[in-house]
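These notes are about the structure you will find just below.
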Amino acid sequence: MCGIIGYVGKQAAGPVLLEGLQRLNYRGYDSSGIAVLDHDGALAVLKRSGKLAELEASISDPPAGRIGIGHTRWATHGAVSDGNAHPHVSDDSAVVVVHNGIVENYRELRAQLGQAGVTCTSETDSEVIPQLMGLYLREGADFAEAFQRVLGEIKGGNAVVAMERAQPDQIYAARLGNAGGIVLGVGEGEMFLASDLPALLPHTTLVQPLENGQWAVVSAAGTTIRDLAGEAVPFEPVKVNLDPVAVAKGPYKHFMQKEIMEQPRALSDCIRGRARVNPAGVSLEDVTLTDDQIRSLRRVLIIGMGTSMHAGMVGRFYMERLAGLPTDCDNASEFRYREPLLGPETLVVAVTQSGETVDTLGAMAQVRDDWGAPRVAVTNVEGSEAARMADGSAIYLRCGPEIGVASTKTFVASMAAMYLLACRIGQVRGYLQGAKLEHAVEALMTAPGIVDQALAQKDLCRHVGRICRHIGHILYLGRGLQYPVAMEGALKCKEISYIHAEGYPAGEMKHGPIALIDRNMPVIALAPRDPLYDKMWSNIQQVQARDATVIAVGTEGDEELASAVDVFIPIPACDPLIAPFATAIPAQLIAYYLATGRGADVDQPRNLAKTVTVE
Ligand code: AGP
C-alpha cells in the first residue's frame, strides 16, 4: 500500500524522487521520505510524518547526489511519526531501505537482532531489513549476499528496495509475494523504479515489472535480474501505451470529481468492440475460456473487496439472469479462510481495479491450487498480478488510471464487464438467445447515455450534500440490484466524508436498524421503477412514519414518489438491469459533495490507500 520510487542516472535524484512521490501518494500518504547518496558515499535521509507537502517544505536545499530512493507510507506497524517514516537505515548507516508489505516474522527477527546487539529505533516491521543487512555486511557478506539472505529470511508479501553507502551507483530491488509491484523503467543513461506505472510515465514508457520472487540490481550502466535461487532472468523491457495526460486532473478540483464525470466515456470504452447489436452478441477477446469449458460450468463465484465486491454483488444478478448459472459473491478475505468447497465446474471471477489487492490475489491462488477452478480477472490494470494469475483470461475495464482513492468509474465499468461476461456465457450455453440476447445487449448499450443523464442531477446532489453535511449518520436503502448500490453509496460516504453510513437491504431494515430512525437520520432510498418498486415504497413509508428525512433516487416522471419525499433525485427510465449504473451516480455525487462541504481531502482520505497490499 506504500509507494516506492527509485532513481539512478544523470539528474539530481532529490527532485525526481519528490516528483515521483507526488504521483504515488494516492497509495499511502501518512508520511514520506527520501534517501539520496552522493558519489563520495555521503548519505542524506530526509523524512517527515504528514502529507508529502510537509516533507517538501522541510527541504530548503535538495541533497546532492544522482541516486536515491523514496517512500510514501501507509502505516501498518507503528504510529505515524517521523521516526517510523521510511527510509530506514542500519545502525551504522551502511544500508538504507524502503519497504512495502508486512514482515510477518519481524518480532522474531528483532529478537535475533537484539541477541546480536542491534537495537531497532523505530516501531516498524520494516527496520529489521536494513538492520539485518548491516549485520551481515559487518560479518563479511557483500551487499548482494546480505540482500539475498534477508530476502530468504523475511516472511510475508514484501517489496524491498535498498542502497549501500559503499556503492553509490546501484539500487537493489525485490518483489516477494503479492504485496505490491516494483516496475523498472529505462531512460537514456538513467533508470527508474516505482511501485506502479503512473509514477514512471513522465520519464519513460519502456518498462519491466519484477515478478514474484525476483530481485534486480539497477544501475545506469545496466540492470540484472535474478530469481531467489540466483538464476539470471532476462531483462527485456517492453513499451507500454499509457497516456500521461489521462492521469492529469484537467479542469477538475479533484481526481474523484474528474473520474465521476468521465464515467460515460469509461463505460463506452469498456463496452466498445465487445458488444454488438446486429447480429446481437458479445465477444471478449481476452477471455481464453473455450466454449467447451463454458458449457461445462455449473456455478459462478465472484470475489472482490470493497467497491469491487459491491460491483460483484451486482454481477451476481447478471450471471443468474443472463448466463443462467447459480452465482455467489463473496468477500475475498473471508472466502479464503472459510474452507469453502468448489471445483473445476465453478468459474471464479475476481474483480479488482488494481489487480493487486492481496486478499483477492490470495483467493485466486487458492481456487486454482485447491480446486483447479477456472478464473477470469476483471481489472483495470493491464498486466497486473490478477490478470497474470488468470492466465491472461482478463476483462480489462479500459477506464484509464483511477487516481481518486474512492473508486467510481471502475465501479460502473466492473459492472459492465460482468454484464458482458454473463452475456457471453449465456450465449455459449444457449441460455441467452434471440430476442432475449438482443434485448440484453441493447440495454447495455444504453448505459453510457443513462449515466450521462444521471450526471446532469449534480446540483440536486450538491443540495443533499449541503443539507446533510452536519449529520452524524446516514442510512442507504435498496432492494435487489439496488442493495449493492446502497452499500456502495454508504462506502463512498464513509470513505471521503467520514460520516457514518450503512447500506442496508430495505427489507432487512425493520429487523433492527429501524430502531435508529428519527429525524436526525436521513435515509437515502434507491427506488427506481423496477419489479421491487412497490416493496421499496412500503419501506420508505416505514421510515417516514418515524420522522426520517427521505432522499429518494427514483425514475424521472415518478411524481407520486417525488411529492412524497423530502428530496427527489430523478434518474432516466431504463431496464432494471441497467438501473444500478444510473443510481450509482447520485450515490457517488452525494458522497463527493458531503465531503467537499465538510472540507475533507477527497482524493486522499485519512487512513486509506488506493491499493491494499496487506491483509
Ligand atoms: C473503494 O472506494 C475503495 N478504495 C476500496 O474499497 C477498493 O475498492 C478495494 O480496496 C478493492 O480494490 P481493488 O479493486 O483494487 O481490488
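The values are calculated or read from the model by the stated rules, or taken from the named source; none is laboratory data. Here the structure is a predicted model, which means the values were calculated and not measured. Because the Cβ atoms are built from the backbone with ideal geometry, glycine has one as well, and the counts that use them run over all protein chains shown. Surface areas here come from the heavy atoms of the whole protein model, side chains and all, with no ligands, DNA or RNA. Shrake-Rupley method; radii C 1.70, N 1.55, O 1.52, S 1.80 Å.
Note on surface exposure: VAL45, VAL565 rank VAL45, VAL565 by accessible area, highest first, 1.4 Å probe.
The solvent-accessible area of ASP292, taken with every protein chain present and a 1.4 Å probe, is close to 110 Å².
Counting only protein heavy atoms and a probe of 1.4 Å, the accessible surface of the chain is 49% carbon and sulfur.
Look at the dipole of the stretch 258-445 built from charges on Cβ: of GLY362, ALA323, MET389, the Cα furthest out on the positive end belongs to ALA323. When the charge dipole of the chain is built from unit charges on Cβ atoms (+1 for Lys and Arg, -1 for Asp and Glu) and taken about the Cα centre, the candidate among PHE147, ILE517, ALA266 whose Cα reaches farthest toward its positive end is ILE517. For the chain, DSSP calls about 65 percent of its internal beta bridges antiparallel. Listed by chain and number, the aspartates and glutamates whose C-alpha is less than 20 Å from the C-alpha of LYS155, apart from same-chain residues fewer than 8 away, are GLU104, GLU108, GLU123, ASP125, GLU127, GLU145, GLU211, ASP227, GLU356, ASP359, GLU385, GLU615.
Here the simple spin-label model places points 7 Å from the Cα toward Cβ, and for GLU188 and GLU615 these points are separated by 4.8 nm.
Each Lys or Arg adds one and each Asp or Glu subtracts one; over the other residues with Cβ under 13 Å from the Cβ of PRO62, this totals -3. A straight Cα-to-Cα reach below 17 Å connects LYS510 with the lysines LYS535, residues fewer than 8 places away in its own chain not being considered.
For the stretch 454-471 versus the stretch 280-305, the spacing of their alpha-carbon centroids is 39 Å. When the C-alpha to C-alpha distance is required to be over 18 Å, the pairs from LYS253/LYS458; LYS258/LYS458; LYS47/LYS249; LYS258/LYS409; LYS51/LYS258 that qualify are LYS47/LYS249; LYS51/LYS258. When shorter helices are ignored and each DSSP H run of at least 4 residues is given -39500 (n - 2.57), the per-residue value for the chain at 222 nm works out to -10500 deg cm²/dmol.
Charges were assigned to the Cβ only: +1 to each Lys and Arg, -1 to each Asp and Glu. The resulting dipole of the stretch 36-143 about its Cα centre is roughly 240 debye. Under the criterion of Cα pairs below 8 Å and six or more residues apart, the relative contact order for the chain equals 12 percent.
Restricting to bridges with both residues inside the stretch 258-445, how much of the DSSP beta-bridge set is antiparallel, in percent to the nearest 5? If I count the DSSP bridges inside the stretch 258-445, around 15 percent turn out antiparallel. Per residue, the stretch 258-445 exposes 33 Å² of accessible surface when a 1.4 Å probe is rolled over the protein heavy atoms with every protein chain present.
For the stretch 471-534, the set of trypsin sites (Lys or Arg not before Pro) satisfying both a DSSP loop assignment and a count of at most 11 other C-beta atoms within 10 Å is given as ARG519. Beta bridges from DSSP with both residues in the stretch 10-76: antiparallel share about 100 percent, rounded to the nearest 5.
Across LYS155, LYS249, LYS47, the residue with the most accessible area heads the list, and the full order at a 1.4 Å probe is LYS155, LYS249, LYS47. Out of TYR172, GLY489, PRO198, whose Cα points farthest toward the positive end of the dipole of the chain (charges: +1 Lys, Arg; -1 Asp, Glu; placed on Cβ)? The residue sitting farthest along the positive end of the dipole is GLY489. When MET256, MET445 are compared by accessible surface with a 1.4 Å probe, the order from highest to lowest is MET445, MET256. Once both axes come from the Cα atoms, what is the angle between helix 143-153 and the longest principal axis of the chain, in degrees from 0 to 90, rounded to 10? The angle comes out near 40 degrees.
The calculated FRET efficiency for the pair ASP575 and TRP371, based on their C-beta separation and a Förster distance of 25 Å, comes to about 0.10.
If you bin every alpha carbon distance in the chain into 10 Å steps from zero, what whole percent lands in each bin? P(r) for the chain, in whole percents per bin: 3, 17, 25, 24, 17, 10, 3, 0, 0. The distance from the alpha carbon centre of the stretch 159-230 to that of the stretch 107-139 is 24 Å, rounded to a whole number. Using only Cα coordinates, the Kirkwood hydrodynamic radius of the stretch 258-445 works out to 16.1 Å.
Between the helical axis of 482-497 and the longest alpha-carbon principal axis of the chain there is an angle of about 40 degrees. Taken about its Cα centre, the stretch 469-615 carries a charge dipole of roughly 400 debye when the Cβ of each Lys and Arg holds +1 and the Cβ of each Asp and Glu holds -1.
The label point for GLU139 and the one for ALA564, both projected 7 Å from the Cα toward the Cβ, are 7.4 nm apart.
Label separation (ARG265 vs ASP391): 3.7 nm, computed from points 7 Å beyond Cα along the C-beta direction. Here the dipole of the chain is about 1260 debye; that uses its Cα centre as origin and unit charges on the Cβ of Lys and Arg (positive) and Asp and Glu (negative).
The GluC sites (Glu not before Pro) of the stretch 249-294 that meet both conditions, a loop assignment by DSSP and at most 11 other Cβ atoms within 10 Å of the site Cβ, are GLU285. Each part reduced to its alpha carbon centroid, the stretch 539-596 and the stretch 381-439 end up 27 Å apart.
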